[in-house]
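Just so you know, all these numbers are worked out from the coordinates, no wet-lab data involved. Since we're looking at a predicted model, the values are computed, not measured. FYI the Cβ positions are ideal-geometry reconstructions off the backbone, even for glycines, and counts take in every protein chain you see.
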Amino acid sequence: MSTNIIEIENLEMVIAGRRILKVDSLQIARGEKVAILGRNGAGKSTLLRCLNGFVKPTAGHIVVNQRTVFPLRRERDLRPVRAEVGQVLQGLHLVARLSAMENVLVGGLASMPRLRSWARIFTTEETQRAQAALKAVGMAHLAEKRADKLSGGEKQKVAIARMLMQQPQLVLADEPTAALDPTAADEVCELLVKASENSTLITVVHNVSLVPLLSHRVIGLKAGEVVLDCASNALTQTQLDDLYE
Ligand SMILES: Nc1ncnc2c1ncn2[C@@H]1O[C@H](COP(=O)(O)OP(=O)(O)OP(=O)(O)O)[C@@H](O)[C@H]1O
């Protein structure tokens with residue numbers, strides 16, 4: 001098995017004549033914890049979305065967990081990739097009318113046989129795993145509460161429980177602490193790292209103080225290009241000033 005879970009070569013994304021990503025070569029090893037930093041509009045979310053095939057670049061090669069994500073022969077080839085890639089976004093992606101528990105059960109859908117996933121039929125084992133995942137993030141007591149009645153921090157914990165249910169090889173987290181107070185942000189980061197201990201974790205981070213909690217490696221994007229790639233504990237203020245100037 002390749003030691004890299006992500007291999008990107010000559011990636012380019014042009015929208016309406018404007019180049020928003022240009023990554024010549026980037027590899028991420030299995031198990032790495034990576035923070036992606038950069039100003040608003042630097043291309044961080046677009047890079048993440050290219051990795052799970054939600055957006056298609058204009059050119060380049062992307063391999064995730066030894067599966068080609070771009071260029072893609074058939075759209076359905078993304079299904080196994082998506083089963084192996086978990087996502088934690090800004091809390092807006094839970095199904096509002098479903099309970100916390102149902103949202104967590106949905107996390108297992110990508111790896112279920114199609115018929116069961118369409119019919120939303122869950123086994124006792126799946127239900128027990130979902131209960132255990134909610135317990136692991138301290139949300140067992142709110143299992144039956146509708147997602148749209150949860151606070152921002154609670155929603156993120158449910159999203160992490162859902163990811164635990166999926167047991168992904170790669171976790172993509174896009175600003176998972178946005179709109180959370182500092183205590184909730186720290187707690188969500190700790191849970192996210194714990195939940196990803198057996199996977200690779202890539203987190204888009206705006207609050208630089210969270211970098212040491214979330215990552216060993218930092219990748220800085222500026223105008224769509226990688227301008228910084230170093231160990232998190234080697235990151236200097238000068239590098240940060242250059243990145244955000
Ligand atoms: N579908 C799209 N159509 C047009 N422009 C887009 C599209 N998606 C992204 N962009 C542009 O590409 C650039 C990069 O966007 P992206 O969301 O990746 O940045 P980001 O670094 O994640 O920003 P933020 O920190 O504000 O979330 C931005 O200028 C954005 O406006």
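Annotations
- Packing, taken as the mean count of other beta carbons within 10 Å per residue, orders the peptides 73-85, 155-167, 194-206 from highest to lowest as 155-167, 194-206, 73-85.
- Set of lysines with alpha-carbon distance to Lys145 below 19 Å, sequence-local pairs under 8 removed: Lys135, Lys155, Lys157
- Per-residue ellipticity at 222 nm computed for the chain from its helices equals -9500 deg cm²/dmol, with DSSP H segments shorter than 4 residues left out and the rest contributing -39,500 (n - 2.57).
- Nearest-0.05 FRET efficiency for Tyr244 and Gln66, computed from C-beta distance (R0 41 Å): 0.70
- For the pair Ala179 and His93, label points projected 7 Å from Cα toward Cβ lie 1.5 nm apart.
- Fewest-first sequence of Thr123, Thr46 by Cβ atoms within 10 Å of each Cβ: Thr123, Thr46
- Relative contact order of region 4-244, defined on C-alpha pairs under 8 angstrom at six or more residues apart (%): 27
- Over all Cα atoms in the chain, the spread is summed up by Rg and Dmax: 17.9, 54 Å.
- Straight-line cross-link partners of Lys44 among the lysines, defined as a Cα under 17 Å from its Cα and at least 8 positions apart when in the same chain: Lys22, Lys33, Lys56, Lys222.
- Under the Debye formula (equal points on every Cα, no solvent term), log10 I(q)/I(0) of region 193-245 at q = 0.13, 0.15, 0.18, 0.19 Å⁻¹: -0.32, -0.43, -0.60, -0.66
- Zone of Asn198's modelled label, taken as backbone nitrogen in region 76-90 under 16 Å from a point 7 Å along Cα→Cβ: 84-86
- Around the Cα centre of region 4-244, unit charges on the Cβ atoms of Lys, Arg, Asp and Glu (plus for the first two, minus for the last two) sum to a dipole of about 940 debye.
- The distance between label points at Asp148 and Ser2 comes to 4.2 nm (points 7 Å beyond Cα on the Cα→Cβ vector).
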